[in-house]
Amino acid sequence: MLNFEYLRPSTVTEAGAMLGKMSEARPLAGGMTLIPAMKLRLAAPTALVDLAGVPELNGIKVDGKTVIVGAMTKHADVAASADVRRLIPALADLAGGIGDAQVRNKGTLGGSIANNDPAACYPAAVLALGATVTTNRRKIAADSFFTGMFETALEPGEIVTGVTFPVPAAAAYEKFRSPASRYALVGVFVAKTTGGVRVAVTGAATCVFRASAIESILAEKFSAEALASLRFPADGLNSDLHGDAQYRAQLVGVLTKRAVAKLS
């Protein structure tokens, strides 16, 4: 077994100080990725800073036309929230489709976006809804947060404390899931926002991304029919044992049409 310190802060300030003192310390949220990575010797932190004992990181609240979700809020809690289901039902549906019951009752919003797995669902919602990620140091716009495969704009010692989601006029999420892991082979989140139509794609490439060409089509005419001739390019998309780039490109088009049809 790996040797590491286990630290359990009670405040965000305390957690930030602990992470700042040890360069190889890692924050522990739900542990859905970090613990398996440690078991496989893909990660070897010198300390785990468990955020479960920090109450200010948990919970959901509505502030005007925004829904604020704490970083340590479980997927199951987002899926069951009456406020989320009323104001952003697509977000509740997305959360309810993550993994299995055990994952949904352990995994957290903050852990998911900080890890930025290429096939994770939450990054698509954050990006498509134009959310703002709040940390213990600053606020980061969704368009600047996800920077690459398993990479984000977070700096050493920086902790996600919550995500502020603007309430959209309408939104829908469609996912083609791996039958084993329930990760998204491809997932598409479509949102009508005050800034226009936003379409975010996960699972198809090394990092979640906005499909700007599709956004332009839907800005002209928001209907599945407007996408009838869509041929999404396969350049830069993932190819693996689950499906090649051409297959994923086809899924982007199909799932986008399904999401738009829900809203038309």
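Can you name every residue in segment 194-222 that is surrounded by fewer than 22 Cβ atoms within 10 Å (Cβ to Cβ), among the basic types (Lys, Arg) and touching a helix residue (DSSP H, G or I) at 6+ places or on another chain (Cβ under 7 Å)?
Matches in segment 194-222: Arg210 only.
I'm checking my understanding of the structure. Among residues of segment 244-263 that are of a type in the set (Gly, Ala, Ser) and touching a Phe, Trp or Tyr at 6+ places or on another chain (Cβ under 9 Å), which one is nearest to Ala213 (Cα to Cα)?
Checked segment 244-263; the qualifying residue nearest to Ala213 (Cα to Cα) is Gly253.
Pairs please, first residue from segment 238-256 and free of Cβ contacts under 8 Å to residues at least 12 places away in the same chain and farther than 17 Å from Ala200 by Cα, second anywhere and part of a helix (DSSP H, G or I) and of a type outside the set (Asp, Glu), Cβ atoms under 7 Å, 6+ apart in sequence or on different chains.
Listed pairs, sorted by first residue: Ser239/Ala245.
Criterion first (at pLDDT below 95 and more than 12 Å from the chain's Cα centre (by Cα)) does Ala47 satisfy it?
Considered against the rule, which asks whether it is at pLDDT below 95 and more than 12 Å from the chain's Cα centre (by Cα), Ala47 comes out as yes.
Answer yes or no: is there a residue in segment 96-107 that is farther than 25 Å from Val208 by Cβ, at pLDDT below 95, among the acidic types (Asp, Glu) and surrounded by fewer than 18 Cβ atoms within 10 Å (Cβ to Cβ).
no
Consider segment 27-45. How many of its residues are closer than 24 Å to Arg104 by Cβ and surrounded by fewer than 18 Cβ atoms within 10 Å (Cβ to Cβ)?
8
Within segment 159-193, take every residue that is assigned to a loop (DSSP other than H, G, I, E, B) and modelled with pLDDT of 95 or more and give me the one that is surrounded by the fewest Cβ atoms within 10 Å (Cβ to Cβ).
Result: Ala169.
Do you know which residues across segment 194-204 are among the polar types (S, T, N, Q) and outside any strand (DSSP E or B)?
Thr194
Identify the single condition in (1) more than 14 Å from the chain's Cα centre (by Cα); (2) in a strand (DSSP E or B) that Pro156 does not satisfy, given that it satisfies every other one.
Of (1) more than 14 Å from the chain's Cα centre (by Cα); (2) in a strand (DSSP E or B), only one is false for Pro156: (2).
At least 2 residues that are in the same structural domain as Phe189 (by TED's automatic domain parsing) in each: list the strands (runs of 3 or more DSSP E) lying fully within segment 6-117 that qualify.
Answer list for segment 6-117: 60-63, 66-70.
Test Val199 against the stated conditions and say whether it is touching a residue at least 60 places away in the same chain (Cβ under 8 Å), in the same structural domain as Ala171 (by TED's automatic domain parsing), of a type in the set (A, V, I, L, M) and in contact with an Asp or Glu (Cβ under 6 Å, 6 or more places away or on another chain).
The answer is yes for Val199.
Could you look through segment 135-158, keep only residues that are more than 23 Å from Ala90 (Cβ to Cβ), aliphatic (A, V, I, L, M) and out of contact with any Pro (no Cβ under 7 Å at 6 or more places or on another chain), and pick out the one that is surrounded by the most Cβ atoms within 10 Å (Cβ to Cβ)?
Leu154
The values are calculated or read from the model by the stated rules, or taken from the named source; none is laboratory data. As the structure is a prediction and not an experimental result, all values here were calculated from the model. Please note: Cβ atoms are built from the backbone with ideal geometry, for glycine as well, and neighbour counts cover all protein chains shown.
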